[in-house]
Amino acid sequence: MSRKPQTPPRGRIGPIVTVAILAILAVGAVVYWRLHGSQAALTPVGAKHVLLAVGQTAPPFDVRTSTGEVKSADLAGKAWLVEVFAVWCPHCQNEAQTLTQISKKYNGKLAVVGIVGSPYGFDENSPISEGDVTKFAADFGAGYPLGFDTTGVSPNPYLRDGFPSLTLVAPDGKVAWVDAGEIDGAALEKQINAVLK
């Protein structure tokens, strides 16, 4: 005796297929989010990153630090140095001591601010957290405000081709110097002294 396979009534196939497709899309979205972090929702695919140039007005920023907020508007009339860094970057880790010395030497004349530019923590997989930024400061002796911005919006204008990215802004609010990669303290001081003349 052969049995005829049972098929669901025609009216039920559509909702079952719809639910299956939605479940697949939801799993795909979660996987994509885990791989690309919150940055994926904010940066359109193929979005062009425009690099800052010397002479341009520095874009405003407002980032949270372990000691409160640091706003570019509060630095008006003062020179400032923005470093966009990643906690996992060995060059950024090395440069923390240099920037701490610069911050102390030019205290009152130059504000130094570090802004996290990578959405990833120390293991380069998990999302960046306030704890990662605090650990970076403690482990590498960063004695200047470190801003964490999990959306990636604030550091983007200051990010160059890699980490660390440095932007020196003159007291008039214009970009005076830009660079990417670890820099020697003496070379950085030369740039700062030219701006502070």
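The values are calculated or read from the model by the stated rules, or taken from the named source; none is laboratory data. Everything numeric in this text was worked out from a predicted model, so none of it was measured. Positions of Cβ are backbone-derived with ideal geometry, glycine not excepted, and every protein chain shown enters the neighbour counts.
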Discussion item. Is it the case, given these coordinates, that Asp161 is assigned to a loop (DSSP other than H, G, I, E, B), surrounded by fewer than 20 Cβ atoms within 10 Å (Cβ to Cβ) and without any contact (Cβ under 8 Å) to a residue 12 or more places away in the chain?
Written reply: no
Discussion item. Condition (residue is assigned to a helix (DSSP H, G or I), among the acidic types (Asp, Glu) and either assigned by TED's automatic domain parsing to the domain that holds Glu69 or surrounded by fewer than 16 Cβ atoms within 10 Å (Cβ to Cβ) (or both)) applied to segment 167-189: is it met by at least one residue?
Written reply: yes
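One line per residue, one yes/no per condition, for (1) under 18 Å from Pro157 (Cβ atoms); (2) modelled with pLDDT under 95; (3) in the same structural domain as Gly185 (by TED's automatic domain parsing):
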{"residue": "Gly68", "(1), (2), (3)": "no, yes, yes"}
{"residue": "Asp74", "(1), (2), (3)": "yes, yes, yes"}
{"residue": "Trp88", "(1), (2), (3)": "no, no, yes"}
{"residue": "Ile102", "(1), (2), (3)": "no, no, yes"}
{"residue": "Leu110", "(1), (2), (3)": "no, no, yes"}
{"residue": "Ala138", "(1), (2), (3)": "no, no, yes"}
Practice prompt. Kindly indicate which of Ile115, Ile192 is crowded, with 18+ Cβ neighbours inside 10 Å and farther than 21 Å from Val63 by Cα.
Written response: Ile192
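So, of the residues in segment 120-136 that are surrounded by fewer than 20 Cβ atoms within 10 Å (Cβ to Cβ) and in a loop (DSSP other than H, G, I, E, B), which turns out to be modelled with the lowest pLDDT?
Let us first name the residues in segment 120-136 that are surrounded by fewer than 20 Cβ atoms within 10 Å (Cβ to Cβ), namely 120, 122-127, 129-131, 134-135.
When the remaining residues are screened for being in a loop (DSSP other than H, G, I, E, B), the result is 122-126, 129.
Details: Phe122: 95, Asp123: 93, Glu124: 92, Asn125: 93, Ser126: 93, Ser129: 89.
My answer is Ser129.
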Worksheet item: Across segment 96-119, what is the total count of residues that are touching a strand residue (DSSP E or B) at 6+ places or on another chain (Cβ under 7 Å), in contact (Cβ under 8 Å) with a residue 60 or more places away in the chain and not in a helix (DSSP H, G or I)?
Response: 3
Practice prompt. Say whether the condition of being under 30 Å from Lys109 (Cβ atoms), small (Gly, Ala, Ser), assigned by TED's automatic domain parsing to the domain that holds Ile183 and at pLDDT 75 or above is met by at least one residue in segment 45-54.
Written response: no
